[in-house]
Amino acid sequence: GVSIIAQRAPPCGIAGGEAWSAMATAAPTIKRTKTQDKSLRGRLARRCVRISKKGVSALLHLSIPTFFILSCIVYLCGGISLVFLRSDAEEFLCTIRPQTEFGGIGCDKTSSSLLLCSKPKCWRNANNLTYKLNASWPTQSLYQAFSNTTTDSACSDVVKMSSSTDPITMVIGLETASAVGESCKQYHCGVLENALALSDLNSPTGVCGNQYGSKVSDEDCVCSGLLQNSAFDVGELAGSSTPNSTALKAIESVCGSDIISMMQGMCTWSSNFPRWCGTTTTTLTSTATTATTTTTATTTTATAAATTTTATTSATGLELRLIAQGRPLLGNVTLKSRRHQDGDSQHSPGKKISGEARHLQTSSTSISNDELPDWDVGQWSQCSCYQQCTPGARTRSVTCLSTECKEPKPADREPCACGNGAACTIDLQLVVLMSVYFVQAGLAFVLFLCYSRTLHHSEDDFIQLSFTQSISGFFHKQLPPLLRFLVLVQLFQVVYLAIDVWIAYLVSQYIDQTSTWQKDCFASKALQHISGLSSFLWVFGVLLGRCAKKGSRKPDWLFSPDRPSRSFPLDSSGGASGAWDLSHSENSASSVCPSEFV
């Protein structure tokens with residue numbers, strides 16, 4: 001029967017193994033009764049209770065090294081959590097639009113100067129997508145062009161012009177602007193191409209998607225107005241690829257003939273018909289071969305003033321076709337300073353130099369650079385960017401109040417990064433709190449090592465102190481007060497964070513609905529999690545310290561009485577007695593433990 005099979009030893013050998021398998025297969029399945037199941041659950045419950053009792057007992061009777069290593073783990077977990085949650089919070093705040101039409105704080109109230117903040121939606125969305133798809137990583141095609149564009153003051157001046165309202169008028173402005181770098185032209189030609197070609201912004205059917213999340217739900221083809229821009233002549237590209245209007249001539253001059261070919265290819269659209277194609281759909285002969293989802297265009301020669309370059313550009317999906325032009329890059333030309341240009345004009349051919357001027361030049365060369373006066377340097381301006389959370393540049397005035405000043409000349413422009421446009425200034429608090437967590441973890445780990453090393457030492461071991469014992473003793477007595485001070489700093493940051501995230505939201509909802517004070521902080525789930533986690537870790541750390549104080553005793557060799565003559569700083573920090581909260585009574589000294597929370 002079943003009992004015989006269960007008690008019988010398995011036969012030996014291969015044949016025996018096969019017999020055993022057959023017997024086990026033939027045997028009926030043994031089912032546990034309800035009584036057996038209840039007994040098993042009871043044993044598991046009792047085991048869980050025993051483990052829980054041991055855990056609680058270990059917490060209530062913490063040894064000094066155990067307390068410090070647990071504190072280190074708690075602080076380390078808090079710091080690592082803030083690293084990831086801070087990144088999520090910043091990413092969310094960057095998506096909040098500062099425009100008042102979207103419920104933002106307004107373009108004039110942002111912490112940075114956002115050049116496109118007050119511009120129409122088409123330009124903002126096209127710039128966002130161009131930066132995201134083509135200029136945000138070093139491996140992308142327009143990364144270097146965008147980096148140079150952000151520090152190009154002449155390019156920024158064109159963007160600020162009131163006549164620059166969309167990518168088309170921006171390119172028209174670049175044609176007549178002076179001292180604009182080639183990178184600026186390349187980047188804004190990319191913005192124009194994306195505004196015309198990306199399915200999120202324009203579409204042959206007049207219905208656009210939101211694949212990259214650059215628009216709010218109630219927006220459709222935000223750049224469809226570019227197709228009917230009055231700057232184009234009606235039907236000028238319907239039967240010819242030669243531009244006639246001022247707008248198309250400017251686009252060809254700045255961006256090259258490649259984008260003209262792309263615009264001519266849009267004349268095959270069945271609806272949402274562009275103005276430059278005419279009033280009816282015209283079938284054109286093009287050198288581009290169109291497949292289901294891939295278009296390959298071969299661009300012929302693009303001629304500039306000095307050189308001729310033949311470029312073949314392939315565009316797959318949403319990738320930009322780079323404009324190949326034979327123009328010299330202005331970014332590679334070193335421009336002379338105003339002072340040197342003026343000096344060159346004085347030495348122009350056919351102009352004589354007076355004896356007085358020659359004397360002044362001779363005397364100036366005898367003055368060393370260290371003896372020359374310094375440049376007059378102004379304050380840095382706000383960081384100026386195209387939109388929030390993107391690279392930009394800030395400027396300052398650098399003026400020489402004499403005929404000559406020290407070299408080198410201080411920089412009057414440098415790169416910077418713009419913050420978000422949300423009503424939530426909280427990043428500095430998160431950095432401080434994260435730093436406090438990591439410093440606390442490091443100090444707690446050092447104290448764990450120190451106390452683990454001297455855990456089994458007696459007073460006799462400290463009659464003659466070695467150098468390492470002296471260093472260890474310094475850490476024993478000085479680090480616990482520092483940890484306690486950092487806990488107070490941590491408490492201040494936790495309360496400050498709770499006010500910004502929770503109290504500010506309650507104020508805007510129930511007290512003053514027009515208030516914009518930190519009103520966007522509550523909308524971030526990451527900030528809510530940071531506030532709750534930091535509060536929990538602080539309370540847990542305090543409870544851990546109280547348990548350690550109740551269940552542990554400071555080593556006798558660390559006891560030192562209070563000194564009445566101790567000066568104010570040492571008396572306020574308490575030295576060893578402050579760290580351990582000791583009294584002179586023997587009974588009270590035996591009931592305390594090392595805790596920075598005391």
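The values are calculated or read from the model by the stated rules, or taken from the named source; none is laboratory data. Everything numeric here is computed off the predicted structure, so don't read it as measured data. Backbone-built Cβ (ideal geometry, glycine too); neighbour counts: all protein chains shown. Side chains included, ligands, DNA and RNA excluded: accessible areas come from the protein's heavy atoms. Shrake-Rupley method; radii C 1.70, N 1.55, O 1.52, S 1.80 Å.
Ranking VAL489, VAL158 from most to least accessible surface, computed with a 1.4 Å probe over the protein chains only, gives VAL489, VAL158.
Structural size metrics of region 45-176, computed from C-alpha coordinates, are Rg and Dmax of 26.7, 85 Å. A simple spin-label model places pseudo-atoms 7 Å from Cα toward Cβ; at ILE73 and TYR212 they are separated by 4.6 nm.
Please give the contour-minus-distance gain from LYS525 to GLN228: 0.36 nm per residue of separation, less the Cα-Cα distance, rounded to one decimal in nm. Show your work: numbers first, answer last.
Details: separation 297, 0.36 × 297 = 106.92 nm, distance 4.24 nm.
Working it through step by step, the gained length comes to 102.7 nm.
To the nearest 10, the accessible area of CYS107 is 50 Å² with a 1.4 Å probe. The figure for LEU85 is an accessible area of roughly 40 square angstrom, using a 1.4 Å probe on the protein chains alone. When the surface is traced with a 1.4 Å probe over the full set of protein chains, PHE102 keeps roughly 70 Å² accessible. Across the cross-link table entries LYS109/LYS409; LYS121/LYS519; LYS119/LYS409, which are compared at the Cα atoms, the separations over 29 Å belong to LYS109/LYS409; LYS119/LYS409.
With the cut-off at under 20 Å, measuring from each backbone N in region 218-252 to a point 7 Å along the Cα-to-Cβ line of ALA154 picks out 250-252.
Given the C-alpha atoms of region 111-264, compute the convex hull and give its volume per residue in Å³. Display every interim value, and only then the final one.
Details: hull volume 19.0 nm³, N = 154.
Residue-normalised Cα hull volume stands at 123 Å³.
Ranked by the mean number of other Cβ atoms within 10 Å of their residues, highest first, the peptides 227-240, 407-420, 175-188 come out as 175-188, 227-240, 407-420. What is the calculated FRET efficiency for ARG453 to LYS249, with r their C-beta to C-beta distance and R₀ = 60 Å, to the nearest 0.05? For R0 = 60 Å, the calculated efficiency reads 0.15.
At 0.36 nm per residue, minus the direct Cα-Cα distance, what do ASP412 and GLU91 gain on full extension? Give it in nm, one decimal, please. Walk me through the numbers on the way to the answer.
Working: separation 321, 0.36 × 321 = 115.56 nm, distance 3.07 nm.
Between ASP412 and GLU91, full extension yields an extra 112.5 nm.
Heavy-atom accessible area with a 1.4 Å probe sorts MET266, MET161, largest first, into MET161, MET266. Label point of SER368 set 7 angstrom out along Cα-Cβ; within region 406-422, amide nitrogens under 15 Å from it belong to 406-407. Accessible surface ranking for TRP276, TRP502, 1.4 angstrom probe, highest first: TRP502, TRP276. One Cα centroid belongs to region 474-550, the other to region 105-127; the line between them spans 33 Å. Take the Cα of LEU491, step 7 Å toward its Cβ, do the same at ASP220, and the gap between the two points is 6.0 nm.
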